[in-house]
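The values are calculated or read from the model by the stated rules, or taken from the named source; none is laboratory data. Bear in mind that the values here come from a model prediction, so they are computed numbers and not experimental data. Methodologically, a virtual Cβ is constructed for each residue, glycine included, from the backbone with ideal geometry; neighbour enumeration extends over all protein chains shown. The protein model used for the area step is the full one, side chains on, heavy atoms only, and it has no ligands, DNA or RNA in it. Shrake-Rupley method; radii C 1.70, N 1.55, O 1.52, S 1.80 Å.
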Amino acid sequence: MFKLSPYISSTIWGGRRLIEEYGVKTDKKNAAEAWVLSCHEKGPGIIATGEFAGKTLREVYEADRSICGKNGARFSEFPILTKFIDARDNLSIQVHPDDEYARRVEGDSGKTECWYILDCDEGAELIMGFKEKISRETFKESIENGTLENYVKKIKVKKGDFFFISSGTLHAICKGVLLAEVQQNSAATYRVYDYNRLQDDGKPRELHVSKAIDVTKLEEYQGVPENYKRKGNAPYTTGYEQLVRCDLFSVGTVKTEENSTGMADENSFVSLVVLEGDGAVECGDEKLKLTKGDSVFIPAGSGKYRLSPGLFLLETRI
Ligand code: ZN
């Protein structure tokens, strides 16, 4: 197992909470996103501890794909990208294609994602799908005449809320929201509306309206589908809560107590991201100290691991 140093991106909407509260190190003016589990070529995670220190996770994965486990065999690339996102301002309203469209048009994977709300300002909101089913013509017109915000569903959020965003769901993170995102490892994003903002170079960011119209589901947001709430065998002795389990990933939280243990079997790697607390993880004869914001990757087949009490973790498997 090893810790990962994140890739950091700075954008027009980013804040500084990841730097001030989550141990993110950067010279950039803000940390909009910290890619805490990433094999993506645009922002690969760097291994920070152990025998592979200094290499990218991508290099280690390319050399030995078995670190993902048996369940990794059905994916052509490393399957998951996990990020912290600090939205000081609104993110664009956007949508991601499904696998079929993304492969055909972008040569990339589609993107289904999910969000766990770490913290937010009083009254903060997200945009998720539409208030009610709308026609393709209405959707197109509302983008063209700048009235899209009248049709989208705005949801007030609080710490601990969870959202599942299947590909094709129109969505936006709005200002004052700090969240953790687990998603398919893809960069296929179609921006629909960017609040008429300009970047530092004085230009607006590119929009991708016609592709967005191709892929957007014109429905009311439905939440986590019933069949994705399956409760599998809890992989922990105590404190595990499953948030979603679908074909792409299984995401949950772990609140550790005395003698908390988990298991990295041969089916999947385990990604642990520290949301709160300080402590340690031990696996075999290895021990890593943990603090808020840390990301640990436990290769498939590593076996049982012990977690010290007082940690609150986001856990992802495939
Ligand atoms: Zn998205």
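I'd like the FRET efficiency for D64 and E149, computed as 1/(1 + (r/R0)^6) with the beta carbon distance as r and R0 of 35 Å, rounded to 0.05.
0.15
Rounded if a/c is under 1.5, else prolate if a/b is larger than b/c, else oblate: which is the range 93-144, with a ≥ b ≥ c the root eigenvalues of its Cα gyration tensor?
Oblate is the answer for the range 93-144, as a/c is 1.5 or above yet b/c matches or exceeds a/b.
Is the range 1-146 rounded, prolate or oblate when judged by the Cα gyration tensor, a ≥ b ≥ c being the square roots of its eigenvalues, rounded requiring a/c under 1.5 and prolate requiring a/b larger than b/c?
oblate
For the range 1-133, give me the percentage of DSSP beta bridges that are antiparallel, rounded to the nearest 5 percent.
Taking every DSSP beta bridge within the range 1-133, about 100 percent pair in antiparallel fashion.
Would you mind working out the magnitude of the charge dipole of the chain relative to its Cα centre, with +1 at each Lys and Arg C-beta and -1 at each Asp and Glu C-beta, to the nearest 20 Debye?
160
Picking from V244, T261, Y305, whose Cα lies most toward the positive end of the charge dipole for the range 227-317 (charges on Cβ: Lys, Arg +1; Asp, Glu -1)?
V244
Could you look at the chain and say what percent of its accessible area is carbon and sulfur, using a 1.4 Å probe and all protein chains?
Carbon with sulfur: 45 percent of the solvent-accessible area.
Report the Cα centroid-to-centroid distance between the range 153-195 and the range 38-105 in angstrom, as an integer.
If you average the Cα positions of each part, the centres end up 18 Å apart.
Any idea which of A48, I85, G69 is furthest toward the positive side of the dipole for the range 46-89, if Lys and Arg beta-carbons carry +1 and Asp and Glu beta-carbons -1?
The residue sitting most towards the positive pole is G69.
With a ≥ b ≥ c taken as the square roots of the eigenvalues of the C-alpha gyration tensor of the range 102-179, please select rounded if a/c is under 1.5 and otherwise prolate if a/b is larger than b/c or oblate if it is not?
oblate
Starting from the residue with the highest accessible area, list K140, K203 in decreasing order, probe 1.4 Å.
If we order K140, K203 from most to least accessible, we get K203, K140.
Which one of D27, D294, D161 has the biggest mean-square fluctuation once the chain is modelled by GNM with Cα springs under 10 Å?
Of D27, D294, D161, the most mobile in the Gaussian network model is D27.
Spelling out what I want: for every residue of the range 97-108, take phi, set θ = phi - 60°, compute 6.51 cos²θ - 1.76 cosθ + 1.60 (Karplus), and round to whole Hz; glycine and proline get x.
Values, residue by residue: x, 7, 4, 4, 5, 5, 5, 5, 9, 10, x, 9 Hz.
Rounded to the nearest 0.05, what FRET efficiency do S135 and E257 give with R0 = 51 Å and r taken as the Cβ-Cβ distance? Could you check?
The pair S135/E257 has a calculated efficiency of 0.45.
Counting Lys and Arg as +1 and Asp and Glu as -1, each charge on the Cβ, what is the dipole of the range 59-183 about the Cα centre in debye, to the nearest 20?
For the range 59-183, the charge dipole is close to 400 debye.
Using only the Cα atoms, what convex hull volume per residue in Å³ does the range 227-317 have?
81
Over the chain, one equal point on each Cα, no solvent: what is log10 I(q)/I(0) by the Debye formula at q = 0.07, 0.16 Å⁻¹?
Taking Cα atoms of the chain as identical point scatterers yields -0.27, -1.44.
Before I look further, what does the chain give for accessible area per residue, probe 1.4 Å, in whole square angstrom?
45
Within the range 79-165, how many Lys pairs sit with Cα atoms under 29 Å apart, leaving out pairs fewer than 8 places apart on the same chain?
Lysine pairs meeting both conditions in the range 79-165 amount to 29.
Select from V270, N150, G293 the residue farthest towards the positive end of the dipole of the chain; place +1 on Cβ of Lys and Arg, -1 on Cβ of Asp and Glu, and compute about the Cα centre.
N150
Can you pull out the GluC sites (Glu not before Pro) in the range 1-56 whose DSSP state is coil and whose Cβ has at most 14 other Cβ atoms within 10 Å?
In loop regions of the range 1-56 (DSSP not H, G, I, E or B), the sparsely surrounded GluC sites (Glu not before Pro) are E41, E51.
Given H placed on each backbone N at 1.01 Å, which residues far from K217 in sequence or on other chains put an amide H within less than 5 Å of it?
Close amide H contacts, sequence-distant or interchain: T169, L170.
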